[in-house]
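Enquirer: Pasting a structure below so you can have a look.
The values are calculated or read from the model by the stated rules, or taken from the named source; none is laboratory data. Computed from a predicted model, the values in this text were never measured in an experiment. FYI the Cβ positions are ideal-geometry reconstructions off the backbone, even for glycines, and counts take in every protein chain you see.
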Amino acid sequence: MTLKPPLVAIALLLLTPYASAAGWPLTPSNPTSSTVVNPKLVTTDPPPTVVAPSAPVPVWESAPASTTPVADAANSEPPLLGNARPSADPVGQLLDPPPPPKYRDLWERIRAGFALNEVNSSLVARHEAWYLNRPEYVQRMIERSRLYLYFVVEELEKRKMPTEIALLPMIESAYNPQAYSRMRAAGMWQFISSTGKKYGLQQNFWYDGRRDVLAATYAALDYLQSLYEQFGSWELALAAYNCGEHGVERAIVRNRARHKKTDYFSIKLPRETRNYLPKLQAVKNIISQPDMLDFALDSIPDQPYFTVVNAPGHMDIAKAAKLADMPVEEFRSLNPAYSRPVIIRANTRQILLPIDKVDEFHANLEQNGEPLVTWQTYAMKNGETLESVAQKFNIGMDRLQEVNGLSGRKRVQPGQMLLVPLEGEDAETNLDETYNLSDFKASPEESAASVRYRVRPGDTLSTIARKHHTSVARIKTLNGLKSNELRVGQSLVIYTGAGATRHTHRRHVRRASN
């Protein structure tokens, strides 16, 4: 008997339970079936989930201060900063195209995260006029910010902080990571030495963490979060960032004693701090309404510009830039923390490169047959002068002073260590053995006030420390002393009170370099 197709379907439905119970096969046994299956779509795993980027959440409760260190990529491939790598799963890419970007560009993303209270003050209009009357200055500032803004915004959103803070370096340093103020504040976040050290920013002859794009940003946001937790207000936190938390505390105490309000607009603050939020509001207004400008506010892609790459060892900055096929100044703009023409491996394990330069850097490094470093350290001998040392190592006098951070007023003495070029192509550097000597441990501020002291009869560490307004522990650390014993004629490097802690965070940014 032959069943018609509709009846076959009905029969299968009725017999399926019995067939399963009896163990009858219900699939074709012919291995040469003509059915074609796309192997790319066959997977035993569930399809990957594509998560759309989350919008910034304007919840301005304090998030815990970040304790995440700068990534050490020694044992892993360096990630794109602030952005997960795209999925390498062909199934995910085939089935689920990436979602469209949430924002047209980075400016739109920044505006979406604005959350500070508007500042209604005549000072705002004054600062708007200042910026609008200097279009070339504003253009340079915005052009510099393009390198760093994405990273800063990513970090702010991770911490649920207002994105107005991404504009703060515009009023601090015009987004110049090399900025240095009359108050000895450094970097685009303008840290003084003591505040930088408090937040983990290493400072010595070779490296200044206050200028490090990553480390200084982490430190600045940690500091701001700490101030917000202390004062419970972003306005007061920003005021304290400008003039120091102790100044804000005293102003609040004074107003409480007089039964007055204690918000930013009610307490008495230094003139510069009273202008601080109005200035930030002025920049915010310009970014919110770019039509105010005489030029077009160019779009900034909402994507990372740079990534982290391992430094293979001691390396000339000029050599690193050459391997990445970058101008030296462009390389320095991403790696401004290196104070000398050589990168010392021990101070950091990473450099920043534009994402589109990483492959070229690695390829050129692999094929490189030249020395990576062409510098060494040298101890001044009795009777030598800077002029004679410059002549000995075939380096210009001005260049020798620049490389070593020496001014015309700074005296050099026998035994002082200098950075000089290697002699001859086959010479080997001594940096491994000497980079951590006491001469190279000082911050720039300490180094400017350093002296070399020769121990005299009757001297002790305590008397020497009192004489130079420093501490016994500091002298021992800088000179590698394991005990308090001294010998007559011993040479010590002493840093006087230049590095003393100030309550003021930092002030008076040098504008000439902007």
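Enquirer: Could you check region 455-469 and list, in sequence order, the residues that are β-branched (Val, Ile, Thr) and touching a helix residue (DSSP H, G or I) at 6+ places or on another chain (Cβ under 7 Å)? Walk me through how you get there before you give the answer.
Expert: Initially, region 455-469 is screened for residues β-branched (Val, Ile, Thr), giving 455, 460, 463-464.
Within region 455-469, just 464 meets the criteria.
Enquirer: Restricting to region 346-364, give me the number of residues that are surrounded by fewer than 17 Cβ atoms within 10 Å (Cβ to Cβ) and without any contact (Cβ under 8 Å) to a residue 60 or more places away in the chain.
Expert: 6
Enquirer: Do we have any residue at all in region 260-269 that's farther than 27 Å from residue 149 by Cβ, small (Gly, Ala, Ser), in the same structural domain as residue 336 (by TED's automatic domain parsing) and not in a helix (DSSP H, G or I)? Step through it out loud before you land on a result.
Expert: Taking region 260-269 first, the residues farther than 27 Å from residue 149 by Cβ are 260-263, 265-269.
In the following step, the residues that additionally are small (Gly, Ala, Ser) were identified as 266.
Still in the running and in the same structural domain as residue 336 (by TED's automatic domain parsing): none.
Looking for residues that are farther than 27 Å from residue 149 by Cβ, small (Gly, Ala, Ser), in the same structural domain as residue 336 (by TED's automatic domain parsing) and not in a helix (DSSP H, G or I), one finds none in region 260-269, hence no.
Enquirer: Go through region 270-287 and count every residue that is assigned to a helix (DSSP H, G or I) and free of Cβ contacts under 8 Å to residues at least 60 places away in the same chain. Don't jump to the end; show me each part of the working.
Expert: To start, the set of residues in region 270-287 that are assigned to a helix (DSSP H, G or I) comprises 271-274, 276-287.
Now restrict to residues that are free of Cβ contacts under 8 Å to residues at least 60 places away in the same chain: 271, 273.
Here the count works out to 2.
Enquirer: Of 287, 267, which residue is buried (at least 16 other Cβ atoms within 10 Å of the Cβ) and more than 27 Å from the chain's Cα centre (by Cα)?
Expert: Details: 287 fails: more than 27 Å from the chain's Cα centre (by Cα).
Criteria check complete, one pass: 267.
Enquirer: Can you find even one residue in region 180-193 that is part of a loop (DSSP other than H, G, I, E, B) and of a type in the set (S, T, N, Q)?
Expert: Taking region 180-193 as the starting set, the residues that turn out to be part of a loop (DSSP other than H, G, I, E, B) are 181-185, 187-190, 192.
Narrowing further to those that are of a type in the set (S, T, N, Q): 181, 190.
Scanning region 180-193 turns up at least one residue that is part of a loop (DSSP other than H, G, I, E, B) and of a type in the set (S, T, N, Q).
Enquirer: Considering only residues that are among the charged types (D, E, K, R) and assigned to a helix (DSSP H, G or I), look in region 238-259 and name the one that is surrounded by the most Cβ atoms within 10 Å (Cβ to Cβ).
Expert: To start, the set of residues in region 238-259 that are among the charged types (D, E, K, R) comprises 245, 249-250, 254, 256, 258.
Then drop every residue that is not assigned to a helix (DSSP H, G or I), which leaves 245, 249-250, 254, 256.
Details: 245: 19, 249: 15, 250: 14, 254: 13, 256: 12.
Ranking the candidates gives 245 first.
Enquirer: A follow-up question, please. Under 7 Å between Cβ atoms, which residue pairs at least 6 apart in sequence (or on different chains) link something in region 166-184 that is closer than 17 Å to residue 140 by Cβ and without any contact (Cβ under 8 Å) to a residue 40 or more places away in the chain with a partner that is part of a helix (DSSP H, G or I) and of a type in the set (Gly, Ala, Ser)?
Expert: Cβ pairs passing all conditions: 175/145.
Enquirer: Would you please list the contacts, defined by Cβ atoms under 9 Å and residues six or more apart or on different chains, that run from a residue in region 199-211 that is on the phi > 0 side of the Ramachandran plot to a residue that is surrounded by fewer than 24 Cβ atoms within 10 Å (Cβ to Cβ) and assigned to a loop (DSSP other than H, G, I, E, B)?
Expert: Final answer for the pair search is 200/69.
Enquirer: Just checking, how many residues over region 372-420 are more than 30 Å from residue 310 (Cβ to Cβ) and in a helix (DSSP H, G or I)?
Expert: Qualifying residue count, region 372-420: 11.
Enquirer: For the condition of a type in the set (A, V, I, L, M, F, W, C), at pLDDT 85 or above, touching a Lys or Arg at 6+ places or on another chain (Cβ under 9 Å) and outside the structural domain of residue 340 (by TED's automatic domain parsing), what is the one hit in 486, 431?
Expert: Working: 486 fails: touching a Lys or Arg at 6+ places or on another chain (Cβ under 9 Å).
The unique qualifying residue is 431.
Enquirer: Something else about it: Can you work out which of the residues in region 314-363 that are part of a strand (DSSP E or B) and more than 18 Å from residue 178 (Cα to Cα) is modelled with the lowest pLDDT?
Expert: Here the residue is 350.
Enquirer: Turning to a different aspect of this structure: Give me a count of the residues in region 290-309 that are surrounded by fewer than 17 Cβ atoms within 10 Å (Cβ to Cβ) and not in a helix (DSSP H, G or I). Give the derivation first.
Expert: Initially, region 290-309 is screened for residues surrounded by fewer than 17 Cβ atoms within 10 Å (Cβ to Cβ), giving 290-296, 298-299, 301, 303-304.
This time we only want the ones that are not in a helix (DSSP H, G or I), so: 293-296, 298-299, 301, 303-304.
The number of residues fulfilling the criteria is 9.
Enquirer: Against the conditions (1) farther than 27 Å from residue 415 by Cα; (2) out of contact with any helix residue (DSSP H, G or I) (no Cβ under 7 Å at 6 or more places or on another chain); (3) not charged (D, E, K, R), where does residue 353 fall short? Just the number, please.
Expert: The single condition residue 353 does not satisfy is (2).
Enquirer: Tell me which residues, restricted to region 129-160, are crowded, with 20+ Cβ neighbours inside 10 Å and over 17 Å from the mean Cα position of the chain (by Cα).
Expert: Within region 129-160, 131, 138, 141, 142 qualify.
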